[in-house]
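Beneath this line is the structure, given in structure tokens, with notes to follow.
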Amino acid sequence: MSWLRRTFSTAYRRARRAEGRGEYREAAALYAEADAPEEAANALLFAAARATVLDERLAAYRDALRWLPEEHPRRVEIEGRIGLAILDESQRKGVRNADERERLADAAARLERAEKWSEAGTAWELLERTEDLARCLQKAGDIERLEALLDASTESARRERALKRLVDEHQMSLAVGARVEAREALRKALALDPSDRALSEMLRRLEARFPTSNRVVLRVGAREMTFVAGTAVALGRDADVVVRGTSVSRRHTELAWSAEGVEVRDLGSRNGTLVRGLPIAGSLRLEGSTEIGLGDDVTVRVEAEPWGLKLEVLAGLDRDHVACVGALPLPVPGLRAKVSFVDGHPTLTAQLGCTLDGQRVVAPIALLRGDVLEIDGHRVEVA
């Protein structure tokens, strides 16, 4: 527009007055009416500079682009300003969802068009897009950051390989019944990447299935069997071997065995412990296979074995329940299998192998709650 036309353009004069009052958007509209697109764009850039909200600033920048011709040299500058505004917001508040990631990726592309390579690299870094970051750092000539990125990428790749190896080790260990090793592999993997929620949840679920140390209960068909490691065991409603009855206390009786024999001791129960129908005071040594009474409605047969004690509930709510107590591998009555406690963890070994969750296993199996096995044609569940 020539100077003369501007002088006689009412819209142009009104635009200058609006700009003087700081009403930049009104000024931009009037400049556009007066066919002065560069002045309209400049007014919108002033509006963007005064905006305190990111969306208002971005709207002003985009409106400024709308008034400039496609090949105008200032378009690249404005593209860069849009990218910088979004990058600044992302650095301050973080990138929290897919929409924010998409907006930051658009900002990175704008910064590249404006040849602001270092800032574009920072945007790609926030998005964890390593290849794009490396390209921008190379174009920026930022050798120091590029070398640090390459070192970090190498370390990251090494860590990813280690994580994959540990997760594979966990899955393979689970498949062959080596649950302790599977748990250890998950713990190591989580130590490499503590923020991985999937790994954390896998470990939590696995650890929740581990039985109480030195004790496990198996269901063989309709019969329950308890296996306890040690030289002493408590019987009662809430004890090592659970025996229920109306006259049974929470911890009713204790049995201990040694090379000298087996002793029974009442644990201060309400209804006493009976041997041959008589209540005992203190402890009493048992001779051979002996039936003991817990109150007046539960009877348990106690037998000394080379490996420890075998208990069988003869009367009461848990009739036919069997318990094996000892320090050596404990036989599973009726099956060609034994239970041992490796570092306190119950481990089952079947003479001819077994199936675990439908898969054939010949190695010892570290038992977990909820396991379903088949041994010698019998269904065995870990309670």
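The values are calculated or read from the model by the stated rules, or taken from the named source; none is laboratory data. Keep in mind that what you see is a predicted model, and the values were worked out from it rather than measured. Because the Cβ atoms are built from the backbone with ideal geometry, glycine has one as well, and the counts that use them run over all protein chains shown.
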Could you tell me which numbered condition LEU68 fails, if it satisfies all but one of (1) more than 24 Å from TRP124 (Cα to Cα); (2) exposed (fewer than 14 other Cβ atoms within 10 Å of the Cβ)? (2)
Please specify each residue of the range 269-288 satisfying the condition of being closer than 18 Å to VAL325 by Cα and either assigned to a strand (DSSP E or B) or modelled with pLDDT of 95 or more (or both). ARG285, LEU286
Within the range 208-256, track down each residue that is closer than 20 Å to ILE292 by Cα and among the small types (Gly, Ala, Ser). ALA232, ALA234, GLY236, ALA239, GLY245, SER247, SER249, ALA256
For the range 288-343, which residues satisfy the criterion of being among the small types (Gly, Ala, Ser) and over 15 Å from VAL264 (Cβ atoms)? ALA315, GLY316, GLY326, ALA327, GLY334, ALA337, SER340
Within the bounds of the range 301-322, is there any residue that is assigned by TED's automatic domain parsing to the domain that holds GLU263, modelled with pLDDT under 95 and closer than 18 Å to PRO211 by Cα? no
Please give the number of the condition ARG179 fails out of (1) under 30 Å from LEU373 (Cβ atoms); (2) touching a Leu at 6+ places or on another chain (Cβ under 6 Å); (3) without any contact (Cβ under 8 Å) to a residue 40 or more places away in the chain; (4) charged (D, E, K, R). (3)
Scanning the range 72-100 residue by residue, those farther than 20 Å from LEU45 by Cα and either more than 36 Å from the chain's Cα centre (by Cα) or surrounded by 15 or more Cβ atoms within 10 Å (Cβ to Cβ) (or both) turn out to be SER90, VAL95, GLU100
